[in-house]
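Structure record follows, encoded as C-alpha cells.
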Amino acid sequence: METVNILLCCGAGMSSGFLAQKTRKAAKKRGISGTIDARSESEVASYFDSIDILLLGPHYASFKDEMAQQAAPHNVVVDVIPQDIYGMLDGEGLLDFALEKLNA
C-alpha cells in the first residue's frame with residue numbers, strides 16, 4: 001500500500017479543507033494511506049517533518065519559491081494546486097496531481 005502525506009495551504013483553510021476531505025476519500029478508494037490535511041499559511045512550517053508534499057492554493061502561488069526554500073531541508077515537494085482542480089474541489093484530480101509531482 002502506498003503512503004502519502006499531503007498538506008494543503010490556503011488563507012484560512014476553509015476551501016482547502018473541503019478539498020482535503022474529498023482527496024482523503026479518493027485516496028481511501030485507491031487504497032492509499034497517509035494524511036491529507038489543510039492548514040493556514042501560518043501553520044505550515046510546523047508540518048515539514050511529517051509531510052511529503054505541500055500544495056498551495058492558487059492565490060498563494062507567489063509564496064511558492066519562499067515555501068520551497070523552507071521545505072527543501074525536509075525534502076518536501078512544493079507546488080501550486082491548478083486552478084481547475086481547486087475551483088472544482090476535485091479530490092481525484094488533486095490526488096493524481098500530488099502523486100505525479102511526488103513521482104517526478
Lone qualifier among 65, 79, 90, 52 - being over 23 Å from residue 2 (Cα atoms), out of contact with any His (no Cβ under 6 Å at 6 or more places or on another chain) and modelled with pLDDT of 95 or more: 65
Residues satisfying the stated conditions in region 73-98, i.e. surrounded by fewer than 19 Cβ atoms within 10 Å (Cβ to Cβ), within 12 Å of the chain's Cα centre (by Cα) and charged (D, E, K, R): 96
Checking residue 21 against (1) over 18 Å from residue 11 (Cα atoms); (2) assigned to a helix (DSSP H, G or I); (3) within 12 Å of the chain's Cα centre (by Cα), the condition it does not meet: (1)
Single match in 62, 42, 15, 50 (criterion: touching a Ser or Thr at 6+ places or on another chain (Cβ under 8 Å) and open to solvent by 30 Å² or more (accessible area, probe 1.4 Å)): 50
Subset tally (residues that are over 18 Å from residue 35 (Cβ atoms) and of a type in the set (Gly, Ala, Ser)) for region 74-104: 3
Number of the exception - residue 28 against (1) surrounded by fewer than 13 Cβ atoms within 10 Å (Cβ to Cβ); (2) among the basic types (Lys, Arg); (3) modelled with pLDDT under 95: (3)
Some residue of region 35-44 being part of a strand (DSSP E or B) and among the basic types (Lys, Arg): yes
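The values are calculated or read from the model by the stated rules, or taken from the named source; none is laboratory data. Just so it is clear, the model here is predicted, and its values are computed rather than measured. Heads up, the Cβs are rebuilt from the backbone with ideal geometry, glycines too, and the neighbour counts pull from every protein chain shown. Ligands, DNA and RNA are excluded from the accessible area calculation, which covers all protein heavy atoms including side chains. Shrake-Rupley method; radii C 1.70, N 1.55, O 1.52, S 1.80 Å.
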